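K.L.:
Here it is, the structure, as structure tokens.
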Amino acid sequence: MAEHISWSDDLLVGVEAIDSDHKKLFELMNRLLASPTHGATAVSQAIGDLSSYTKRHFAAEIASMERSAYPERSAHAYEHDHLIFQLENIIDRLMISGADAVDGELSNLLRDWLCNHIMTFDVKYAAFLRESGQTG
Ligand SMILES: [Fe+2]
Ligand SMILES: [Fe+2]
């Protein structure tokens, strides 16, 4: 579908449970991007896997924030909801018009999503866990 998006250790936040989820998200995202444009079954399978793993990861992060009483958890949850909304919007259009219609847009969102979100929001939460002596 589109180019591979490489994992970089610069994306590590230093909290094992979060980092391993992020690596898995990269793997699922690249599986989707590697799906043949006209392989409808492969594409919808890859989309289903990516969106359900993403929702599970987001829920786990928010649950961890609640346990650790992270003061910025509602802003973080809002950011997750916004990303899910954008992803679902692209998925709907992909299902209607085909992968070609959303190709660049999908890889941009995924890159933006996984890199910018991790580097700004998740890194901040990981720093809070370390500073407050919690492991998450
Ligand atoms: Fe995350
Ligand atoms: Fe997050």
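K.L.:
Once R0 is set to 22 Å, what does the formula 1/(1 + (r/R0)^6) return for the Cβ-Cβ distance between Asp103 and Ala75, expressed as a FRET efficiency to the nearest 0.05?
P.N.:
Computed FRET efficiency for Asp103 and Ala75 comes out at 0.10.
K.L.:
If you don't mind, another one. Can you give me the C-alpha center-to-center distance between segment 84-133 and segment 1-55, rounded to a whole angstrom?
P.N.:
Centre-to-centre (Cα) distance: 10 Å.
K.L.:
Per residue of segment 103-115, what does 6.51 cos²θ - 1.76 cosθ + 1.60 with θ = phi - 60° give for ³J(HN,Hα)? Whole Hz please, x for Gly and Pro, Karplus curve as stated.
P.N.:
Here the 3J(HN,Hα) series is 3, x, 4, 5, 5, 5, 4, 5, 5, 4, 4, 6, 7 Hz.
K.L.:
Working only with C-alpha atoms, what are the Rg and Dmax values of segment 22-136, expressed in angstrom?
P.N.:
Here Rg and the maximum Cα pair distance are 15.5, 50 Å.
K.L.:
Taking θ = phi - 60°, what integer Hz values does the Karplus form 6.51 cos²θ - 1.76 cosθ + 1.60 yield along segment 27-33, in sequence order, with x for Gly and Pro?
P.N.:
Result, ordered by residue: 4, 5, 5, 5, 5, 5, 5 Hz.
K.L.:
Here's a follow-up. Hey, can you find the accessible area per residue of segment 53-121 for me, probe 1.4 Å, expressed in square angstrom?
P.N.:
Here the residues of segment 53-121 average 53 Å² of exposed surface.
K.L.:
How large, in percent, is the carbon and sulfur part of the accessible surface of the chain at a probe radius of 1.4 Å? Please report the intermediate quantities before stating the final value.
P.N.:
Details: 3840 of 7120 Å².
C and S atoms contribute 54 percent here.
K.L.:
Quick check on segment 12-85: what does the Kirkwood estimate of hydrodynamic radius come out to from the alpha carbon pairs, in Å?
P.N.:
In segment 12-85 this quantity evaluates to 13.5 Å.
K.L.:
Report the extension gain between Arg67 and Ser44 in nm, rounded to one decimal, defined as 0.36 nm multiplied by the number of residues separating them, less their alpha carbon distance.
P.N.:
In short, 4.8 nm is gained.
The values are calculated or read from the model by the stated rules, or taken from the named source; none is laboratory data. Because the structure is predicted, anything quoted here is derived from the model rather than measured. When we count neighbours, we look across all protein chains shown, and the Cβ atoms used for this are built from the backbone with ideal geometry, even at glycine. SASA here: full protein model, heavy atoms, side chains in, ligands and nucleic acids out. Shrake-Rupley method; radii C 1.70, N 1.55, O 1.52, S 1.80 Å.
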